[in-house]
Amino acid sequence: MRPVRLVVLVGLLAGATDGWEQIAEEDGLVLSEQGVAGSRFDRVRVTGTTRASAEAMADVWWGKAEDLTSTPEVTKREVMRDDTNDRLYWDLISAPPISDRDYVMRETRRRDPATGVVTIVYKSVDDARKPSSTHVRMSLEGSFTATPLPNGGCTFTYQMHTDVGGSVPAVLTRGPQRKSALGLARENRRLAERVSKR
């Protein structure tokens, strides 16, 4: 392969985005979207850096199961399991003018002792205790990852794919989902940095 062709190929690979399209950049947070095969709803991703450690950032993101401060659209939550690194709960969502939605969510958290990377995985699941016949059932899947930086602080990535169910057009959910993802990342970064100052 000639050198010029090699340079071009390396440049193309470096610019590959895996289908992610950058939508906005605010306060050092980059918002991107990616299409999902078989779904009319995009996956949303927010990336950023913080002075807070990976542990502090992940602790804030994990939060407390009963705390609904960051999710005002949740009108009711029933916690079924709340272990140190494994959580299961049911949420009822109110988002007028559409019908109420619900989901059963499982969250797991793990830390890689070799790298210090902390990962939280979210995935809606079926649970016989909460059948989907009463409300429109949503489907959610995502993750949060905090990676320590050599000189302190960390980089973090939050991504979530939400299918609100029913016949709601994707265009109606796009704006609120973008705003929610950016707002959540911004607030959790602020809280983690405040904790880290103590």
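Picking from residues in the stretch 42-72 that are surrounded by fewer than 19 Cβ atoms within 10 Å (Cβ to Cβ) and at pLDDT 95 or above, the one that is farthest from VAL121 (Cα to Cα) is ARG51. Does THR157 satisfy being among the hydroxyl-bearing types (Ser, Thr, Tyr), free of Cβ contacts under 8 Å to residues at least 40 places away in the same chain and part of a strand (DSSP E or B)? No, not satisfied. Of the residues ARG110, ARG106, the single one that is farther than 30 Å from LEU172 by Cβ, in contact with a strand residue (DSSP E or B) (Cβ under 6 Å, 6 or more places away or on another chain) and modelled with pLDDT of 95 or more is ARG110. Applying a threshold of 9 Å to beta carbon distances and a minimum spacing of six or more residues, or different chains, the list of pairs starting in the stretch 92-104 at a residue that is at positive phi and ending at one that is exposed (fewer than 14 other Cβ atoms within 10 Å of the Cβ) is empty. Taking the stretch 150-178 as the range and being surrounded by 13 or more Cβ atoms within 10 Å (Cβ to Cβ), hydroxyl-bearing (Ser, Thr, Tyr) and more than 14 Å from ASP42 (Cβ to Cβ) as the test, the residues that pass are THR155, THR157, TYR158. Which residue out of ALA192, ALA181, ALA95 is over 19 Å from ALA56 (Cβ atoms) and either aromatic (Phe, Trp, Tyr) or crowded, with 17+ Cβ neighbours inside 10 Å (or both)? Answer to the selection: ALA181.
The values are calculated or read from the model by the stated rules, or taken from the named source; none is laboratory data. The structure presented is a predicted model; accordingly, all values stated were derived computationally and were not measured. Note that each Cβ is placed from the backbone with ideal geometry, even for glycine, and that neighbours are counted across all protein chains shown.
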